[in-house]
1. Could you grab me the full set of residues in segment 4-56 that are under 19 Å from the mean Cα position of the chain (by Cα), among the hydrophobic types (A, V, I, L, M, F, W, C) and loosely packed, with under 13 Cβ neighbours inside 10 Å?
2. Residues that are modelled with pLDDT of 80 or more, among the β-branched types (V, I, T) and part of a helix (DSSP H, G or I): does segment 69-90 have at least one?
Amino acid sequence: MSALDALADKAQAASERLAGSNGVKAKLASELAEDAAFLRKLKPSLIAKRAKGDAPTDQKPEEPPKAPSGPQLGARERPARNGGPSPLLVVGVAFVAGIALAKWIDWRGHAHPRS
């Protein structure tokens with residue numbers, strides 16, 4: 001739940017609490033209900049979906065979004081492993097190769113000493 005959701009829930013609860021009142025409180029209740037619906041539309045994920053064309057952009061302002069009746073996604077596919085060598089094996093081979101190269105360079109240095 002994001003901060004916007006929490007703020008929208010508080011506004012919705014306040015509007016429901018003030019809805020039974022008269023006068024200014026009743027006007028404030030309707031404004032808070034509209035603000036709660038507006039805040040729910042300000043989520044960055046929904047804005048991105050609307051920009052891409054995935055989310056509807058023609059909803060009426062008074063109409064709060066309805067939750068889906070069930071899961072919208074199917075079974076999730078597991079990514080296929082490419083079957084490459086273990087990363088620890090690669091690091092180990094590189095370590096051993098580095099030591100062998102260092103020893104060979106050191107041995108070659110003793111073959112031709114600088115006097």
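The values are calculated or read from the model by the stated rules, or taken from the named source; none is laboratory data. Just so it is clear, the structure is predicted and the values come from calculations on it, not from any experiment. With ideal geometry, Cβ positions are generated from the backbone for all residues, glycine too; neighbour counts draw on all protein chains shown.
1. A6, L42, I47, A48, A51
2. Yes, segment 69-90 contains a residue that is modelled with pLDDT of 80 or more, among the β-branched types (V, I, T) and part of a helix (DSSP H, G or I).
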